Each structure stands twice: as structure tokens, then as C-alpha cells.
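Student: Below you'll find the structure I mean.
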Amino acid sequence: MSERDFEAAGEPRTVWEGKVVSVDEVAFRFVEDGAVVEREIVRHPGAVATIPLEDDHVWLVVQPRQAVGEADMLEIPAGKLDVEGESPEANAQRELAEEVGKRAERFEHLKSFYTSCGVMDEEIHIYLATGLSDAGADADEEERIEVVAWPLDRLDDAIARSKDSKTLIGLLLLKERLAGR
């Protein structure tokens, strides 16, 4: 047992609920000494992100991210796990079609990670998508997305330009994978 082991100390209380996230006040008790701490936790349904790899390029998107004041954020395609019962892989396929207009024959799970584990429970699952073909799908009407075929020989430029965590992790995983070819 570690001095950091903890357990719930009472029921969480939802103090705010929005369209995508909610905020809970939660009490935890450290097992070793019984000390109780309270935390505010942002609850998020989670997300998937894909690295659509095709021949000599990867498909990326540029879109506005109002929360951080960026009009042209360079990202890998992604979306919330917001359809009940839909697997992360099925969600990745749907988001790939909606954002890039592509379908993948193969999805390989590369990594799952927490985006900001000090305050939020959002977990993102990153997939490498290969065997791409064109797929028609209706884009989300609220999204303003530019689709970019980014050359693999300029992958370092995309990594340097991006400020988005899922994109940085995904592109670094891709770079590592390509170096091992």
C-alpha cells in the first residue's frame, strides 16, 4: 500500500452541467492516515483521434478553437465519444468520414491518455488509420474545417506548428513509427 492510495469519501455532487462537460465536487480519503481532500473534477465523455496515413502524407485539419483564441489550430481529426454504445473505433471511423471525407480499412490503437488528469477525466484514444478510401459524410454544420494533406517529409513542421496535445502526441507517435520502418 502506498501513502497515496485513496478511496471515495461520500457521493460526488454535480455543481454544474453543460452540453459537453459537467463539474463534480468529490471528496477522497487517503487510506493510510484518513485525511480527506475535496476536489472539483471536470467530467468529459472522452474522445478519439485518428492519424489518417496515406502514401506520402497524413490528413490533418485546421479549425478555429475559440476556447484558446486560435482561428487556425492544426489538428489530427478527432471527436467526442458522444454516441451511447458506440465503440471508440466506430467513433473514429465516423469522425474520419465527417471531418476528412475518408474511410479506413484498418485502425490500430496506438495510445490512450488523459488530457489534464489534475482536474479532468477526459481520456483520448489515438488510432492510426490506414487503407484509406473516399467516404461521403455530412460535416457538422457548426464546424469550419479545412482539410490538409500534410506531406510526411514535412512532419516536423506540423509538430512545430501544433499547440494541440492530442495532435502533438499523435504526430510524435507517427514520427516514431515511421523512423522504425
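Student: Quick one: is VAL42 more than 19 Å from LEU168 (Cα to Cα) and surrounded by fewer than 11 Cβ atoms within 10 Å (Cβ to Cβ)?
Tutor: No: the conditions fail for VAL42.
Student: With respect to VAL61, determine if the residue is in a strand (DSSP E or B), within 16 Å of the chain's Cα centre (by Cα), closer than 21 Å to LEU178 by Cβ and touching a residue at least 24 places away in the same chain (Cβ under 8 Å).
Tutor: yes
Residue-wise test of (1) closer than 27 Å to GLN66 by Cα; (2) touching a strand residue (DSSP E or B) at 6+ places or on another chain (Cβ under 6 Å).
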position: GLY85; (1), (2): no, no
position: PRO88; (1), (2): yes, yes
position: LEU96; (1), (2): yes, yes
position: GLU122; (1), (2): yes, no
position: ALA135; (1), (2): no, yes
position: ASP156; (1), (2): yes, no
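Student: Would you please name the residue that is surrounded by the most Cβ atoms within 10 Å (Cβ to Cβ), looking only at residues in the range 46-57 that are outside any strand (DSSP E or B) and touching a residue at least 60 places away in the same chain (Cβ under 8 Å)?
Tutor: Among those residues, the one meeting the criterion is GLY46.
Student: Tally up the residues in the range 1-45 that are part of a loop (DSSP other than H, G, I, E, B) and not basic (Lys, Arg), please.
Tutor: 18
Student: What are the residue pairs meeting all of these: first residue in the range 33-44, first residue within 22 Å of SER22 (Cβ to Cβ), second residue assigned to a strand (DSSP E or B) and among the polar types (S, T, N, Q), Cβ atoms under 7 Å, and 6 or more apart or on different chains?
Tutor: These pairs meet every condition: ARG43/SER22.
Student: Right, another one. If you go through the range 122-154 one residue at a time, how many are of a type outside the set (A, V, I, L, M), modelled with pLDDT under 95 and closer than 15 Å to ALA92 by Cβ?
Tutor: Total satisfying the criteria: 0.
The values are calculated or read from the model by the stated rules, or taken from the named source; none is laboratory data. Predicted model, so just to flag it, every value in this text is computed and none were measured. Glycine gets a Cβ as well: all are built from the backbone with ideal geometry, and neighbour counts include every protein chain shown.
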